1. Search region 101-127 for residues that are of a type in the set (S, T, N, Q) and pair each with any residue that is within 11 Å of ligand 1 (Cβ to nearest atom) when their beta-carbon atoms are under 6 Å apart and the residues are at least 6 apart or on different chains.
2. Taking into account only those residues within region 275-324 that are within 16 Å of ligand 1 (Cβ to nearest atom) and assigned to a strand (DSSP E or B), which is farthest from R166 (Cα to Cα)?
3. Select from region 67-82 the residues that are in contact (Cβ under 8 Å) with a residue 24 or more places away in the chain and charged (D, E, K, R) and write down the one among them that is surrounded by the most Cβ atoms within 10 Å (Cβ to Cβ).
4. Can we say H400 is assigned by TED's automatic domain parsing to the domain that holds A330, closer than 19 Å to G173 by Cα and at pLDDT below 95?
5. Could you pull out the residue among T376, T345 that is of a type outside the set (K, R) and in contact with a helix residue (DSSP H, G or I) (Cβ under 7 Å, 6 or more places away or on another chain)?
6. So how many residues does region 83-100 have that are within 16 Å of ligand 2 (Cβ to nearest atom), touching a residue at least 24 places away in the same chain (Cβ under 8 Å) and touching a Lys or Arg at 6+ places or on another chain (Cβ under 9 Å)?
7. Against the condition over 22 Å from the mean Cα position of the chain (by Cα) and within 16 Å of ligand 1 (Cβ to nearest atom), how does V79 come out, does it pass?
8. Could you list all residues from region 156-191 that are closer than 11 Å to H417 by Cβ and assigned to a loop (DSSP other than H, G, I, E, B)?
Amino acid sequence: MTANRARRRFLRGSLAAGSILLGRTAGAATPDTPAAASAATPAPAAPYRNTPGQPFTPYGQPVRHERAVVRRIAANRDVAGNGVGLTPLEDLEGSITPSGLHFERHHNGVPQIDPARHQVVLHGLVRQPLAFGMAQLLRYPMQSKTLVIECSGNSNVAWHREPMQRPVGSMHGLVSCSQWSGVPLALLLDEAGVDRKASWVVIEGADGFDFSISIPLSKIREDCFLALYQNGERLRAEQGYPVRLMVPGWRGHLHVKWVHRIEVTSAPRLSRNETAAYSALMPDGRARIFDFVLDVKSLITTPTHDQTLPAPGPTMISGLAWSGHGAIRAVDVSVDGGNAWQPATLQQPVLAQAFARFSLAWNWRGKPAILQSRATDDSGRVQPSRAALLAARGHNNFYHFNGIVSWKVDEDGSVSHAYA
Ligand SMILES: Nc1nc2c(c(=O)[nH]1)N[C@H]1C(S)=C(S)[C@@H](COP(=O)(O)O)O[C@H]1N2
Ligand SMILES: [Mo]
């Protein structure tokens, strides 16, 4: 459906519902009800109409009315520095995650690095080992890409046997999307001169956890880069300041933060974070390891648990879709638990390996409903149902959930998480 057609349909719906609301609340409309939007008289002059406002500020912050929009932190009580902060997806619109709300996943806390003393060492199977200070790196040609990072542990509660009752962000908020700017690794590798025997690259972070990851040399050369900027400003400490690896479309744990060592090798390192962790035990007892690419996935971000639909009538269903394999081609939405599907509108432009925002105007008739979204990417891959994913991967899983997520709307308008 085109955006225009969707908008016309939604407007027709809201006009009809608006007049019903007006009938019901006539005389009692408050400025908060949608009915008041058409019935209101101009507000009395507020003080800011005739006095100067607040002074200038060196760095803008969210306004106090939005103070509740924050990451939810789940820190491991037994291991200092290990845990996550989840993006409150239900509070956001569009397809860029504000830097201060980008999810965070650390294994040993956030190191406080002085950029003047930090270096990235490039060594191993190269003609000339090199060390780059941050001031040097900043002088290389840069590229900018809008990219999703999703932790492999995102949505892991969806493997549980019972649906957990939490808002979408606190179950599925280990995914965010920023514009990242930095230096293509191919440039630095060419400068060092890569040996013919090389086939892997091991990247290591400076945090004291030995966070190292092996990535095939072909991917590193194709599109990986060292990011120095996030959404136009230098990286946040939580995102890897002063320098992090970006691996477009691949899983979150590969995006090594606080990079200080890059070793060109002929074999993967088989570090903890690519063997014991971030691999998956299959029903036949074998493990999937080096399972790199983000599967196609989508989530309805509103309505979600903890929200209540105010009244029957027009309701916006909105959410996010992404795929490591390319761009999102379509998102279909079902309001009856997957029997009938309607195409949602995608906000333009739709970028490869980035969030695509979808929406669908739905006329809720006050009856129970099950809301679902299903994404298809431009490689033709389709997001699987939860049942299909469980059948393929078994019940031993913790990582890589990309099944369809369902939200149940009850007659009273309350929304809960459901398995359908
Ligand atoms: N050095 C280092 N890099 C790291 C990690 C870490 O703990 N240390 N966590 C990884 C994991 S598991 C994920 S999902 C992403 C999270 O990136 P973010 O915190 O910027 O969202 O960083 C990855 N890079
Ligand atoms: Mo992760």
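The values are calculated or read from the model by the stated rules, or taken from the named source; none is laboratory data. Treat the numbers as computed from the prediction; the structure is a model and nothing was measured. A quick note on method: Cβ atoms are made from the backbone with ideal geometry, for glycine too, and the neighbour counts reach across all protein chains shown.
1. Short answer, once both residue conditions are applied: N108/G81; N108/D207; N108/G208; N108/F209.
2. Taking the candidates together, the pick is V293.
3. The residue in question is R71.
4. Details: assigned by TED's automatic domain parsing to the domain that holds A330: yes; closer than 19 Å to G173 by Cα: yes; at pLDDT below 95: yes.
Criteria met by H400.
5. Within the list T376, T345, the selection yields T345.
6. Going through region 83-100 one residue at a time, the tally reaches 4.
7. Yes, satisfied.
8. Within region 156-191, H160, E162, P163, M164, Q165, R166, P167 qualify.
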